[in-house]
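Colleague: I am attaching a structure below and will ask some questions about it afterwards.
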Amino acid sequence: MDWEFDILYAIQSIRTPFLDKLMAFLSTLGNAGALWIVIGVVLCISKKYRRGGMQMLSAELLSFIVGNLIIKNMVDRLRPCQIDETVSLIVKIPFDSSFPSGHTLNGITAAVTLMFIDKRMGIPAIVLAVLIAFSRMYNFMHFPTDVLAGAVLGVVSAVFVNFLFKRAGKSEMTK
């Protein structure tokens, strides 16, 4: 765990008032996956993107169940700010445990799914998801491995649901 704190302390060394505001804002954008859920719902409104919206919401649901309900409760890891209370915080400490990062999980799941749907939406979503993930380390809420685990699980969830939707689409075409 020492190497993870080394990374977090290195990130702390770049703090500025501007970055504090930006990183707090980015973390807030990722709270509860609300931004990504809203995007999924908006996609469902459009006939052109309805299937993609359903795919995105399905992937988000899968990642929430596996990451937030199962893995977080099994691992029950303390957050960096709960171990080293000397770092001044700019966001509130969430009530759940640290591993995996839910902000990262939600963002990467949604962004990778958007890449499958339409790269013009997916590329900016990937950039935003990565910035939100970084903000969680900047804000001293997550260890690097929390963020990495959230990203990996997010990719796996998005790829798995994409596979299921493609397979379901092929079976519909053969009817």
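Colleague: State in Å² the accessible area per residue of the stretch 37-175; use a 1.4 Å probe, count heavy atoms of protein chains only, and round to the nearest integer.
Modeller: Heavy-atom accessible area per residue stands at 52 Å².
Colleague: Can you give the convex hull volume of the alpha carbon atoms of the chain per residue, in Å³?
Modeller: Roughly 112 Å³ of hull volume per residue.
Colleague: Restricting to DSSP H runs of at least four residues, report the calculated mean residue ellipticity at 222 nm for the chain, -39500 (n - 2.57) per run over all residues, nearest 500 deg cm²/dmol.
Modeller: -23000 deg cm²/dmol
Colleague: So how do 130-142, 109-121, 79-91 stack up, highest first, on mean other-Cβ count within 10 Å?
Modeller: In descending order of packing, they fall as 130-142, 109-121, 79-91.
Colleague: Still on this model: On a 0 to 90 degree scale, rounded to 10, what angle separates helix 2-12 from the longest Cα axis of the chain?
Modeller: In the chain, helix 2-12 runs at an angle near 90 degrees to the longest axis.
Colleague: Taking only Cα atoms, what is the 0 to 90° angle, nearest 10, from helix 17-29's long axis to the longest principal axis of the chain?
Modeller: Tilt of helix 17-29: around 40 degrees.
Colleague: List nothing, just return the count: lysine pairs in the chain, 8 or more apart or interchain, with Cα separation under 29 Å.
Modeller: Number of lysine pairs found: 14.
Colleague: From the C-alpha gyration tensor of the stretch 110-157, pull out the three semi-axes of the equivalent ellipsoid (sqrt of 5λ each), sorted largest to smallest, in whole Å.
Modeller: Gyration-tensor ellipsoid for the stretch 110-157: 22, 12, 5 Å.
Colleague: Efficiency by 1/(1 + (r/R0)^6): what FRET value for LEU29 and ASP96, r their Cβ-Cβ distance, R0 = 22 Å, to the nearest 0.05?
Modeller: After rounding, the FRET efficiency stands at 0.75.
The values are calculated or read from the model by the stated rules, or taken from the named source; none is laboratory data. As the structure is a computational prediction, the values presented were derived from the model and not from experiment. Positions of Cβ are generated from backbone atoms using ideal geometry, with glycine treated the same way; all protein chains shown enter the neighbour counts. Calculation scope for accessible area: heavy atoms of the full protein, side chains included, ligands and nucleic acids excluded. Shrake-Rupley method; radii C 1.70, N 1.55, O 1.52, S 1.80 Å.
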